[in-house]
Amino acid sequence: MSGFASPDPVTLNLWHPIAAIGEIPPGKVSATVLLDEPVNFAKVADGEPFVWRARPELRAGDAAPSTRPADALPSLVAYGYLWTSLGTPPEEIFAIPEYAEPDRRNVAAASIGVAVSAPRAIENFLDMGHFPYVHTGILGEQPHTEVKEYDVETSAERDEVLATRCRFFQPMASTVAKGGMEVEYVYRVPHPFCSVLYKSSPLDANRQDVIAIFLQPVGQERIRAHMMLSILDDQNDDTFIRRFQLMVFGQDKPILENQFPKRLPLDPRAETPIRADKSAIAYRRWLSAKGVTYGVIPAAA
Amino acid sequence: MSLTNDIWSPIAASGDLPFRHVFHGQLLGQEFAAWRADDGHVNVWENRCLHRGVRLSIGLNDGRELVCQYHGWRYANRTAGCTYIPAHPADAPARTITNRTYPVVERYGLIWTTLGEERGPPARPELDSGDLLTLREMAANAPAAMAVAALRRHGDDGGQEGDGLSVTLTTPEGTRAAFFVQPVDSGRCVIRGVLAGDRSPDSIATLRLHNERLKALRDVIEAEALAAPAPEPLAPVYAPVSAELAEMPGLLKAGRRASLSVAVSRKWAAGADVAGFELAAVSGGLPTFQPGGHIDVHLPNGLIRPYSLVNAPGETGSYVIGVKRDPASRGGSQTLHETVREGDLLAISEPRNNFPLRRDANLTIFIAGGVGVTPLIAMAQALDHSGSAIAFHCFARDEAHIAFADRLGALKSRFTPHLGLDPVETEARLRTLLGQRPVGAHVYLCGPTPMLETARRVAAEAGWPEAAVHFEYFKNERAVDAGSSFEIALARSALTLTVPAGRTILEVLRDNGVDLPSSCEQGACGTCEATVLEGEPDHQDVYLSDAEKREGRRIMTCVSRARSARITLDV
């Protein structure tokens, strides 16, 4: 059912995250799977990471090669993660300018395996309506269930989906929130399998916390979700922030794994959208228009 | 044996559906969410919320409705229609959002269903004696045919019935037994056995004994299945939703048509001068309703009258309405009171909801006058059942005039009667009830015009925002001025029509072949609403709030007109 389809060219040429830089064991070969393809990676002697297609003579746990392997795949380090590509990736990865601001806490928060397609997980990340039901008492709480009108646009210039003016009542919006408040979100989808959200900071009314999700498509119906936070929090240590993110994502995981079909159906008649799903509909159209077929069920022509 | 969609198979034991549980079943690759409502009805549905495809078997059975875990969408017992979408608390969901249901028969301690025709499970006369013992099911990673073949080595295939999936035999202890093999998928099955006339004193020992035997049989067939090539799994079918639902979002509206035929299954005195009617479908089921919804009753004398549904959530076997005898009746309530009897057939419309209930309030206050209790009872029952905070106030002449007192009594301390008050006392009491708005409270009003007008004024004076004050009038008692003449431009059909004095927009539309749904046709119910694109409406209805009237974007075409010479409608 899941099938080993060769990825579409758009997906093949994307940058994909595969590991948190801080979690790559020094001097050893690590292994993962990207687009159904086993890949290995390691930091070489000077600490620079490299990625290559797995080969039988070099296995996970073996000593890392001392220099860059001749067949190394393209790679770069961004937002605390190591990225690679099985095709020809663009020069640069999408921008998150806030990451460079000096007073922010940048945390590679967690990497979690989920048995679902990447686009399903992106839609869940864009969705506010589930907060009171799935993240009860944290990101939402009954009876405050309304998803108010918000704006969505697909920016041709930046090639990304942008949802603005998203407002929702949250009882405990973050690690430093005190009591419930209506928070305002902006969502960006600058990459078919990555999304960045900006939410009003409980500490500074003029600035925003940034939470990003970078999905590694292990297969069409299996991902590793890598989370990145760039936030204003001078009170909690990384472990506490990680636990909070893990708790929240741990609540999404069983929902995502019970979604069928696991790949995202792009046919408008596959599911029943409501106004609250505007951003998901824009995302589905954007994927269709780009020609992404990996992890989706394309609409019948 | 061929595994076609026409087979009937057990997918669960009756004991798998205990109080408020949702069971995950499967037949021929298709998954089900199976659940028993508190009224005993067993629902077998496609295991997928229509919204985002999440399994409903991880949802919540509240006894009346199944609630999806992901976004809290509620689906009604029996009809599987969606009754509430929490993300949009002010909207009534389109009635046609209905999950796929499968036929269900509960027989021999098992829950049976089919992906095909509704002809019923195989009869097993030897099991009709009662006194049955349902064995513990045995799941096996082997095709159903292998299980049937293995069982046949101990018995026969049931002769003439012969659906190829059941075997009857006599156990070594001399008990008659039937085994049904449920083809879960092409390579997986569940064996379900039933003993007839088992009189052994220790049923636990009997269950253990057969469980051991079935385990041994499973080991044999699983070994056999491992040796054979694995069959392709069956792909589940995800049927597309209707084209209307794929569009975002919009309510589907039907015309003023009596599309349902119902029989009066019960008629009783629900209160002084109020007749209660229970209306049951003549064939099949009834469409899903929402609290606040109403039906049009088409009377034998040609009159059409809207009546609110009193039903509680999940009470989906029949519709319940209350009809007040109106001395000034033009023959509607009189006919229902005097002429219509139990067993009579009535033509009714599908339920419509122009008085939707928000469920996101911290406190919901209901204020009813007389028979105005009917829509509010439906709402209060829904909120009360899900544990939301409510307060129900009923104004009536005396205790006997409180209609549906049994349903109100079930609200216990949340129900307060206010009896025998004159207009001045009523206003004073309303000031006590509405004098200060609790944070996040909403109020729903239904009753006679003077009381509604007073309550709305009192609420406005006490600072209630209009959006938190919801109301439904019985009828429009304002004098309608139909003296003006104006043009209507129809944006969608590119028509321009003239509405002369004495005719309504609705009538002129219909004369020209443009059908718009309607119900009360006097500006009270909201069914004939149209969107105004340009021009200034002359509002004469009692459905829209003052703010909505000022906004001028909506118009009730049955009574309202235009102040401007021309008005453009999105029709």
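The values are calculated or read from the model by the stated rules, or taken from the named source; none is laboratory data. If you're wondering where the values come from, they're calculated on a predicted model, not measured in any experiment. Note: ideal-geometry Cβ built from the backbone for every residue, glycine included; neighbour counts use all protein chains shown.
Listed values, structure above:
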{"quantity": "Output for the stretch A:133-163, where each listed residue is within 11 Å of chain B (Cβ to nearest Cβ), β-branched (V, I, T) and either touching a His at 6+ places or on another chain (Cβ under 8 Å) or surrounded by fewer than 18 Cβ atoms within 10 Å (Cβ to Cβ) (or both)", "calculated": "A:T136, A:V147"}
{"quantity": "Residue check, B:D398 touching a strand residue (DSSP E or B) at 6+ places or on another chain (Cβ under 7 Å) and among the acidic types (D, E)", "calculated": "yes"}
{"quantity": "Filter result for B:H298 (closer than 30 Å to B:I85 by Cα, outside the structural domain of B:T374 (by TED's automatic domain parsing) and under 23 Å from the mean Cα position of the chain (by Cα))", "calculated": "no"}
{"quantity": "Meets criteria (modelled with pLDDT of 90 or more and surrounded by fewer than 14 Cβ atoms within 10 Å (Cβ to Cβ)) for B:E551", "calculated": "yes"}
{"quantity": "Residue in the stretch A:181-194 that is within 14 Å of chain B (Cβ to nearest Cβ) and not hydrophobic (A, V, I, L, M, F, W, C) present", "calculated": "yes"}
{"quantity": "Complete set of residues in the stretch A:154-163 that are modelled with pLDDT of 95 or more and not β-branched (V, I, T)", "calculated": "A:E160, A:L162, A:A163"}
{"quantity": "The stretch A:173-193: number of residues that are touching a strand residue (DSSP E or B) at 6+ places or on another chain (Cβ under 9 Å) and either of a type in the set (S, T, Y) or farther than 30 Å from A:N13 by Cβ (or both)", "calculated": "12"}
{"quantity": "Which numbered condition A:W52 misses (of (1) within 14 Å of chain B (Cβ to nearest Cβ); (2) in contact with an Asp or Glu (Cβ under 6 Å, 6 or more places away or on another chain))", "calculated": "(1)"}
{"quantity": "Yes/no for A:P90 being under 20 Å from the mean Cα position of the chain (by Cα), over 21 Å from A:A225 (Cα atoms) and modelled with pLDDT of 95 or more", "calculated": "yes"}
{"quantity": "Pair list, Cβ < 8 Å and 6+ apart or interchain, from the stretch B:222-240 residues that are in contact (Cβ under 8 Å) with a residue 12 or more places away in the chain to residues that are of a type in the set (K, R)", "calculated": "B:Y238/B:R48; B:A239/B:R100"}
{"quantity": "Number of the exception - B:M1 against (1) within 14 Å of chain A (Cβ to nearest Cβ); (2) at pLDDT below 95", "calculated": "(1)"}
{"quantity": "Residue in the stretch B:539-571 that is farthest from B:R457 (Cα to Cα), counting only those that are in a loop (DSSP other than H, G, I, E, B) and β-branched (V, I, T)", "calculated": "B:V571"}
{"quantity": "A:N206, sole failed condition from (1) within 14 Å of chain B (Cβ to nearest Cβ); (2) modelled with pLDDT of 85 or more", "calculated": "(1)"}
{"quantity": "Meets criteria (touching a Pro at 6+ places or on another chain (Cβ under 9 Å), of a type in the set (F, W, Y) and more than 9 Å from every other protein chain (Cβ to nearest Cβ)) for B:Y84", "calculated": "yes"}
{"quantity": "Top-ranked residue in the stretch B:45-57 [being part of a strand (DSSP E or B) and more than 7 Å from chain A (Cβ to nearest Cβ); ranked as surrounded by the fewest Cβ atoms within 10 Å (Cβ to Cβ)]", "calculated": "B:E46"}
{"quantity": "Residue list for the stretch A:223-233, restricted to those being surrounded by fewer than 24 Cβ atoms within 10 Å (Cβ to Cβ) and within 18 Å of A:N40 (Cα to Cα)", "calculated": "A:R224"}
{"quantity": "Members of the stretch B:322-350 found to be among the polar types (S, T, N, Q) and closer than 21 Å to B:A403 by Cα, listed by number", "calculated": "B:S329, B:S333, B:Q334, B:T335, B:T339"}
{"quantity": "In the stretch A:4-25, the residues that are buried (at least 22 other Cβ atoms within 10 Å of the Cβ) and in a helix (DSSP H, G or I)", "calculated": "A:T11"}
{"quantity": "B:R358 among the basic types (K, R) and crowded, with 19+ Cβ neighbours inside 10 Å", "calculated": "yes"}
{"quantity": "When residues of the stretch A:246-286 are limited to those that are away from chain B (no Cβ under 11 Å) and out of contact with any strand residue (DSSP E or B) (no Cβ under 8 Å at 6 or more places or on another chain), the one surrounded by the most Cβ atoms within 10 Å (Cβ to Cβ)", "calculated": "A:V248"}
{"quantity": "Any hit, the stretch A:217-232, residues being within 14 Å of another protein chain (Cβ to nearest Cβ), modelled with pLDDT of 95 or more and more than 23 Å from A:A108 (Cα to Cα)", "calculated": "yes"}
{"quantity": "Residue check, A:E37 surrounded by fewer than 18 Cβ atoms within 10 Å (Cβ to Cβ), in contact with a Leu (Cβ under 7 Å, 6 or more places away or on another chain) and outside the structural domain of A:E221 (by TED's automatic domain parsing)", "calculated": "yes"}
{"quantity": "Condition met for B:L60 (away from every other protein chain (no Cβ under 12 Å) and either closer than 15 Å to B:V104 by Cβ or surrounded by fewer than 22 Cβ atoms within 10 Å (Cβ to Cβ) (or both))", "calculated": "no"}
